[in-house]
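Structure first, commentary second.
The values are calculated or read from the model by the stated rules, or taken from the named source; none is laboratory data. Quantities reported herein were computed from a predicted structural model and do not represent experimental measurements. Cβ: placed from backbone, ideal geometry, glycine included. Neighbour counts: every protein chain shown.
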Amino acid sequence: MDHGSKEHIERQVKVYISVFAALAFLTVVTVAVSYLKLPFAAGVAVALFIALIKGSLVAAFFMHLLTEKQIIFSILAVTALFFAFLLLLPAITSAEVMSYVS
Amino acid sequence: MSTAVIRYIDKPHPVTGVTNAKLGTWCFLASEVMLFGALFSAYVLLRTGVSEWPHGSQFLNVPLATLNTLILITSSVTMVMSWASLMLKQFGKYRLYLAITILLALAFLVVKGFEYGHKFEHHHFPSTNTFYAIYFTLTGLHGLHVIGGVVVNAYFLFFGKRMWETHPEQFAGRIECAGLYWHFVDLVWIFLFPVLYLL
Amino acid sequence: MKEHSSHSHSASLPFWRKYIFSLDHKVIGVQYAVTGLLFLLFGFTLIMLIRWQLAYPGQPLPVIGHLFSEKMMVGGIMLPEFYNQLGAMHGTIMVFLGVVPLAVGGFGNYLVPLQIGAPDMAFPKLNMMSYWVYFMGGLIMLASFFLPEGAAQSGWTSYPPLANLASSGQTFWLLGMVFLITSSLLGSVNFIVTIAQLRADGLSFFRLPFFVWAQFITSFLLLLAFPPLEAAGVLQLMDRLAGTSFFMPSGLVVAGEQLAVSGGGNPVLWQHLFWFLAHPEVYVLILPAMGIVAEILACNTRKPIYGYRSMVYSVVAIGFLSFVVWAHHMFLTGMGTKMSGFFQITTMMISVPSVIILTALALSLWGGSIRFNTPMLFAIAFLPMFGIGGLTGLPLGLAASDVHLHDTYYVIGHFHYVVAPGTIFALFAGVYHWFPKVTGRKMSEVLGKIHFFFSLIFINGVFMPMFLMGLAGVSRRLYDPTQYAHAGSTQPLNVFVSICAWLLALAQIPFVLNFFGSLIFGKKVDRNPWEATTLEWAAPSPPPHGNFDEVPAVYRGPYEYSVPGQARDFWPQHMAKEN
Amino acid sequence: MNPASKFYGWGLPVDISTHGPEIDRLIHVLHVFMFLLFAGWFVFLVLALVRFRKRPGHAAVYKEQHFKTPTYVEVGVALFEIVLLFAFSIPLFYRIRNIPFPQQDALQVRVVAEQFAWNFHYPGSDGIFGQTKPSLMSPSNPVGLDRNSPNAADDITTINQLHVPVNRPVSVELASKDVIHSFAIPVLRVKQDVIPGTPSRVWFQAKQTGNFEIACAQLCGLGHYRMRGFIMIKTEDEYNNWLAKMTPVKPAPPAPAVTQGAT
């Protein structure tokens, strides 16, 4: 249990500051990219990719997911799976539209 | 009545390695993922269902939203610093960081309020079109989550001292959980910002 | 802020802290169960009124007809508005205010901590809050009947645009649902943490009673499937209150007027979000019932249940699969053939673990020494009744036969077999089985058996004819079926169903008498009247605050009955040595 | 006017469509299967209950017994389900959803559902639909047909009466003005949700003449129970006569409503 030790926390604080800097930088990047007027698909891909990196940083460091316990991961894995099922929903609907058009 | 003690309130469970509160918070966040996931999915469905969809930046104020993103990211850092201060047994610093977190959250809400006000002035309401409908619903729901975070954090700011003195470990655990929630609110915004404003 | 200290001086708590705003999981469990039972009764009464209209359309309801307001019945004759309200609220109340609170809130709350040897739920305050949030949701639903235009009337499924255009009762329905969903979410967090963290020493996951497993999976379903409905509820509220068009397409013309909305929405979106919850919800209704039946079968056959592990794996598999079958409710929305193929396959897949569980339960009888007491009778009846419910799901789960049967009485027969003689019978079994634990008194066997046999006969009389009506193509939710020739030809069945339904209502009188009578006159019992093995029977009846005299530890699996070499035919989980 | 009730009874109504026998066969196969499975299982249940009832001198067996038969039955059920899926349901649903003949051979009809009536729109002799607009919808023009648009002059509209020729495929395009309805013709084994904003399509071919019912299968409001339409299946000659009678000579008043379409 060195997660609670003084040295560990002090080291962590430095990490938090670096993560903050990265997040701020990525925010600026994503706004800048949006002014480039990329093609739609590329724009979506880049924006979501950056958001994914930012989100991962927050989850990994601020929410301590990097050092989290197995049980938390299990719950999140299940959630991620069901979240993927949720995304079937727009997929189905566009398939419906397709089937009508064809 | 020694049997009446609920275990693992302050100490982690030897097998799972987490406290009750932490596991509970993560479960709650899992359900929040599904809530925002469903709304996100609804957004994709509605957007792909029509041929024309406005580009967010045409209607929305990107600089203000960028500012808000930075505010929220900063508040996330101060939140985690506040927890770290508790772990270092620096209660004063904890209070300072937590207060800053709350102020930043309020600043976020004020900026959001300006954005909303501006929209209303130009007669842009949720009923105007599907784009505004989804914009107001998603940001509104996120705003409610911010308000919820402010209430929780304010409670710990003003009423936390006694518990810190009697049950320091349990209290640090609670701040960690409040932090988890707050970071989640930040995380949601990190996705909302590009999706609504930049695409 | 110290939850655990509240127990130690519980004896000195004032009445309202001890019995009303109680933190004790047992009191909360009883609150849930009693409220749930009352809502079941209320929802049942609503359908009794509907059965009059269906059997004798357009004829005044005798005796009580004139007691209703002009907006409900005119001269005792039910109005279509009121008919639709009764239908919508019957479904909503039975599912969300009756069965789930009774099965999960009531049985789950009372039994899970006891069965895992915990003093209480992990978060007692959250537990109390989830009950009161549920209570508020229930009040909102009930209050909606007193609105000028009455309660929600767009079916329990609340499909837009109809629901968007409906009167203010629909807004109340949505608000009520938001409360109920919130309550379920709080509850499910509590269950997951309690089961994951607070099991007694030695109680590994594969030593858990099957009921606890069922509650565990149920909690995950509630936790992850309810939020999409909450999202849908928020979107429909926005549509109704803020004038958005999430579920309103462009170009709607209602009653000859073009609708003044922006349009651009999609009504099918609601159906997706709704069924994303509502199919897992079916398993929320059935899994706790299976859990109860497993407990009672093991206890009354005096032998371990057959294939405990495969049952556990099946219940986990059901949990996963239940999230990918929702669109089988929507085969006729114009879904493409590829997608419908996908959902037909998943639907057939989910039948496999259900069949495994049902088979295992039935095989558990083989080699037993079966005691036919009232809880056991209900539990046994659950098996064929749920079997019929499950089997009749087949023609509905296959898109081709669904073309004819979709939205007919066949569907009503199918899910009522699952939920009424299925789940509700299991819940009755649970009430009879655990009543001695909760009150310290046994319920009357004579009244119990009268209740059982008449219920079993009449409930089949109610739902069996519905399959014939469904095959005849009679649509659901018809205010006056005689308007159609094809529905009119089955009208004698409707009369028969209604008479059976009213007799079924009469058959519940012995239960009510038994329930209240046994509170006072029931035979007093000590802590283990059924000679069962699981931990709840190690606690006194009724268990005090903190549940156990001493912290229990667990030494073996949940169903060690008739172990060779043992003096007695049951070997409780908490007994260190031979008994 | 009332369709002869000899077509309807307790159980499946008479089927007069070309695709219906397949649906009926699936339903029959399923019910025989369900009955056999349930009966076998029920016999087992009763046997077990009698044989293992508690009585003096009888004790329960602790040792877990291993049964082969249930496993075989379960595997058998699973295999049977696979057969049902891939041999019956999925291909059949595919045929029902996709029109198995050239579109131009079929009679084209549009259905515009509203609370609580079925409006039918025929393209007329040119086989091409005129334009419709929501803004033109009125009680006298329920489908919102723009008579001035090209191809609209010979269009025919009716309320609650669908006239079709026998032995000819009919392709029905479904739309709704207001809420979700469901277009159901029990004797033709036809049912399809009618969702506003999302047009859908259904086809059938009748084998027999006669008048039958069209029902709404999805709760659509207070009048859901009386949203009854009729399908009149005629011989080719009768149908052509009807068509000729109905075809407007010049930009004509809308077709007279035969049944009252209460709104």
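Considering the stretch B:133-184, and only residues there that are among the β-branched types (Val, Ile, Thr) and within 12 Å of chain C (Cβ to nearest Cβ), the residue that is surrounded by the most Cβ atoms within 10 Å (Cβ to Cβ) turns out to be B:ILE134. Select, from C:HIS486, C:HIS545, the only residue that is assigned to a loop (DSSP other than H, G, I, E, B), surrounded by 20 or more Cβ atoms within 10 Å (Cβ to Cβ), in contact with a helix residue (DSSP H, G or I) (Cβ under 7 Å, 6 or more places away or on another chain) and at the interface with another protein chain (Cβ under 8 Å from one of its Cβ atoms). Residue meeting the stated conditions: C:HIS545. Is there a residue in the stretch C:225-238 that is more than 25 Å from the chain's Cα centre (by Cα), part of a loop (DSSP other than H, G, I, E, B) and surrounded by fewer than 24 Cβ atoms within 10 Å (Cβ to Cβ)? Looking through the stretch C:225-238, none of the residues is more than 25 Å from the chain's Cα centre (by Cα), part of a loop (DSSP other than H, G, I, E, B) and surrounded by fewer than 24 Cβ atoms within 10 Å (Cβ to Cβ).
Quick check on this structure: which one of D:SER140, D:SER171, D:SER182, D:SER176 is closer than 23 Å to C:THR333 by Cβ, within 13 Å of chain C (Cβ to nearest Cβ) and touching a residue at least 60 places away in the same chain (Cβ under 8 Å)? The conditions single out D:SER176.
Among residues of the stretch C:45-67 that are on the phi > 0 side of the Ramachandran plot, none has a Cβ under 6 angstrom from a residue that is surrounded by 20 or more Cβ atoms within 10 Å (Cβ to Cβ) and not basic (Lys, Arg) at a sequence gap of 6+ or on a separate chain. Would you confirm, using the coordinates I've provided, whether C:LEU358 is aliphatic (A, V, I, L, M) and in a loop (DSSP other than H, G, I, E, B)? Answer is no for this residue. Please go through the stretch D:35-56 and give me each residue that is more than 10 Å from chain C (Cβ to nearest Cβ) and either among the hydrophobic types (A, V, I, L, M, F, W, C) or closer than 17 Å to C:ILE370 by Cα (or both), ordered by number. D:LEU36, D:ALA39, D:VAL43, D:PRO56 - these are the residues of the stretch D:35-56 that are more than 10 Å from chain C (Cβ to nearest Cβ) and either among the hydrophobic types (A, V, I, L, M, F, W, C) or closer than 17 Å to C:ILE370 by Cα (or both).
For the stretch D:137-146, filtering for residues that are surrounded by 17 or more Cβ atoms within 10 Å (Cβ to Cβ) and over 28 Å from the mean Cα position of the chain (by Cα) leaves 0. The set of residues in the stretch C:501-525 that are in contact (Cβ under 8 Å) with a residue 40 or more places away in the chain and either assigned to a loop (DSSP other than H, G, I, E, B) or farther than 20 Å from C:VAL30 by Cα (or both) comprises C:ALA501, C:TRP502, C:LEU503, C:LEU504, C:ALA505, C:LEU506, C:ALA507, C:GLN508, C:PRO510, C:GLY522, C:LYS523, C:VAL525.
Table: residues versus (1) within 23 Å of C:ASN460 (Cβ to Cβ); (2) at the interface with chain D (Cβ under 10 Å from one of its Cβ atoms); (3) out of contact with any Leu (no Cβ under 7 Å at 6 or more places or on another chain).
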| residue | (1), (2), (3) |
| --- | --- |
| C:PHE382 | yes, no, yes |
| C:ILE388 | yes, yes, yes |
| C:THR408 | yes, yes, yes |
| C:GLY413 | yes, no, yes |
| C:ALA420 | yes, no, yes |
| C:THR423 | yes, no, no |
| C:ALA429 | yes, no, yes |
| C:TYR432 | yes, no, yes |
| C:LEU447 | yes, no, no |
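Among the residues making up the stretch C:183-203, a single one is in a helix (DSSP H, G or I), more than 10 Å from chain B (Cβ to nearest Cβ) and more than 17 Å from the chain's Cα centre (by Cα): C:ILE195. From the list B:LEU64, B:LEU86, B:LEU72, B:LEU23, the one residue that fits, being at the interface with another protein chain (Cβ under 9 Å from one of its Cβ atoms) and assigned to a helix (DSSP H, G or I), is B:LEU23.
Here is the figure for the stretch C:397-409: residues that are out of contact with any Phe, Trp or Tyr (no Cβ under 6 Å at 6 or more places or on another chain), within 18 Å of D:PRO13 (Cα to Cα), touching a residue at least 24 places away in the same chain (Cβ under 8 Å) and part of a helix (DSSP H, G or I) total 4. In the stretch A:11-26, the residues that are of a type in the set (Val, Ile, Thr) reach residues that are not in a helix (DSSP H, G or I) with C-beta atoms within less than 9 angstrom, at least six apart or across chains, in these pairs: A:VAL13/B:LEU88.
The single condition from (1) surrounded by 13 or more Cβ atoms within 10 Å (Cβ to Cβ); (2) farther than 23 Å from B:LEU46 by Cα; (3) in contact with a helix residue (DSSP H, G or I) (Cβ under 7 Å, 6 or more places away or on another chain) that A:PHE85 fails is (2).
Restricting attention to the stretch C:70-86, which residues are assigned to a helix (DSSP H, G or I) and either within 16 Å of C:PHE146 (Cα to Cα) or basic (Lys, Arg) (or both)? Matches in the stretch C:70-86: C:GLU81, C:PHE82, C:TYR83, C:ASN84, C:GLN85, C:LEU86. A Cβ distance below 8 Å, combined with a sequence gap of six or more or placement on separate chains, defines the contacts here; from the stretch C:252-275, residues that are free of Cβ contacts under 8 Å to residues at least 12 places away in the same chain and away from chain B (no Cβ under 11 Å) reach residues that are in a helix (DSSP H, G or I) and surrounded by fewer than 18 Cβ atoms within 10 Å (Cβ to Cβ) in the pairs C:VAL253/D:PRO134; C:GLN258/D:PRO134; C:GLN258/D:SER135.
For (1) modelled with pLDDT of 95 or more; (2) closer than 23 Å to C:ILE357 by Cα, each residue gets a yes or a no:
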site: C:GLN115; (1), (2): yes, yes
site: C:VAL133; (1), (2): yes, no
site: C:MET136; (1), (2): yes, no
site: C:GLY155; (1), (2): no, no
site: C:SER168; (1), (2): no, no
site: C:TRP173; (1), (2): yes, no
site: C:GLY187; (1), (2): yes, no
site: C:ASN190; (1), (2): yes, no
site: C:TRP213; (1), (2): yes, yes
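C:VAL189 passes every criterion in (1) in contact with a Cys (Cβ under 7 Å, 6 or more places away or on another chain); (2) farther than 28 Å from A:PHE83 by Cβ apart from (2). Just name the residue that is surrounded by the fewest Cβ atoms within 10 Å (Cβ to Cβ) out of those in the stretch C:84-119 that are over 28 Å from C:SER144 (Cβ atoms) and of a type in the set (A, V, I, L, M). Filtering the stretch C:84-119 for residues that are over 28 Å from C:SER144 (Cβ atoms) and of a type in the set (A, V, I, L, M), the one surrounded by the fewest Cβ atoms within 10 Å (Cβ to Cβ) comes out as C:ILE116.
The residue of the stretch D:92-123 that is surrounded by the fewest Cβ atoms within 10 Å (Cβ to Cβ), among those that are part of a loop (DSSP other than H, G, I, E, B) and modelled with pLDDT under 85, is D:PRO102. When B:PHE91, B:PHE40, B:PHE28 are checked against the criterion of being more than 14 Å from chain C (Cβ to nearest Cβ) and surrounded by fewer than 23 Cβ atoms within 10 Å (Cβ to Cβ), B:PHE91 stands alone in meeting it.
Could you check the stretch A:5-102 for helices (runs of 4 or more DSSP H) lying wholly inside it with 2 or more residues that are among the aromatic types (Phe, Trp, Tyr) and away from chain C (no Cβ under 11 Å)? Even if it seems obvious, please write down each step before you answer.
Values: elements: A:6-34, A:40-57, A:70-86, A:88-101.
Answer list for the stretch A:5-102: A:6-34, A:40-57.
Within the stretch C:468-480, being surrounded by 23 or more Cβ atoms within 10 Å (Cβ to Cβ) and part of a helix (DSSP H, G or I) holds for C:MET469, C:GLY470, C:LEU471.
Just one of the numbered conditions (1) out of contact with any Lys or Arg (no Cβ under 7 Å at 6 or more places or on another chain); (2) at negative phi is not true of B:HIS123: (2).
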